[in-house]
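Working notes, structure below.
Every number here is computed from the coordinates shown, using simple stated rules; none is lab data. Everything numeric in this text was worked out from a predicted model, so none of it was measured. Counting neighbours? That spans all protein chains shown, and the Cβs are built from the backbone with ideal geometry, glycine included.
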Amino acid sequence: MKIGVISDSHGERLMLDRVAQKFTDISMFVHLGDLCTDAVYLHNITRVPVEYVCGNCDFTRRIPNNKEIEVGGKRIFLTHGHLYRVKWGTRQLVNYAREKQYDAVLFGHTHRAEIFKENGTIFMNPGSLSQSRGYTKATIGILEILEDRLVPHIVKID
């Protein structure tokens with residue numbers, strides 16, 4: 001199973017169209033905020049399920065800031081990251097995940113793609129579709145569930 005992980009698309013519908021065209025083998029998308037309406041758009045053009053949370057640029061109280069989902073027997077925590085101050089480091093988020101014993105934590109906000117593992121938990125920030133920092137191109141994440149393990153990837157979008 002492949003999960004497409006997107007964050008910080010900020011209304012870049014052309015980039016969402018490219019993702020939809022390029023990744024036709026995705027079973028589910030996750031959108032980590034900034035903008036929630038982009039998550040709805042992605043679902044409408046792909047008809048693939050999309051789980052999403054609010055970011056700091058989403059001004060609605062109807063969508064949660066954080067969400068826990070279970071996919072393929074794996075517990076995955078979704079957050080934009082701003083409430084965990086990820087622009088100043090991931091320590092607060094890592095400590096929270098340690099308490100909850102998540103298999104994976106997906107976050108955004110920094111616009112910098114990164115993957116790391118700590119205390120047995122995979123952390124992935126897919127970067128940004130609109131204003132990538134650290135890459136010259138927009139990026140998304142792919143989280144594959146292969147048998148009993150999670151395999152994360154960062155992918156550049158042309």
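In a residue-by-residue description of segment 94-117, the property of being within 17 Å of Asp8 (Cα to Cα), free of Cβ contacts under 8 Å to residues at least 12 places away in the same chain and out of contact with any Ser or Thr (no Cβ under 9 Å at 6 or more places or on another chain) applies to no position.
In the set (1) over 20 Å from Arg112 (Cβ atoms); (2) touching a strand residue (DSSP E or B) at 6+ places or on another chain (Cβ under 6 Å); (3) of a type in the set (Gly, Ala, Ser), the condition left unmet by Gly4 is number (1). Within the bounds of segment 39-48, is there any residue that is in a loop (DSSP other than H, G, I, E, B), under 21 Å from Ala113 (Cα atoms) and either more than 15 Å from the chain's Cα centre (by Cα) or touching a residue at least 60 places away in the same chain (Cβ under 8 Å) (or both)? For segment 39-48, residues in a loop (DSSP other than H, G, I, E, B), under 21 Å from Ala113 (Cα atoms) and either more than 15 Å from the chain's Cα centre (by Cα) or touching a residue at least 60 places away in the same chain (Cβ under 8 Å) (or both): absent.
Selection within segment 105-127: residues that are under 20 Å from Asp34 (Cβ atoms) and in contact with a Lys or Arg (Cβ under 8 Å, 6 or more places away or on another chain). The member of this set that is surrounded by the fewest Cβ atoms within 10 Å (Cβ to Cβ) is Arg112.
Annotation note: of Gly4, Gly33, the sole residue that is of a type outside the set (A, V, I, L, M), surrounded by 19 or more Cβ atoms within 10 Å (Cβ to Cβ), touching a Phe, Trp or Tyr at 6+ places or on another chain (Cβ under 8 Å) and in a loop (DSSP other than H, G, I, E, B) is Gly33.
Would you confirm, using the coordinates I've provided, whether Lys67 is under 12 Å from the mean Cα position of the chain (by Cα), surrounded by fewer than 21 Cβ atoms within 10 Å (Cβ to Cβ) and on the phi < 0 side of the Ramachandran plot? Here the answer is yes, as Lys67 does meet what is asked.
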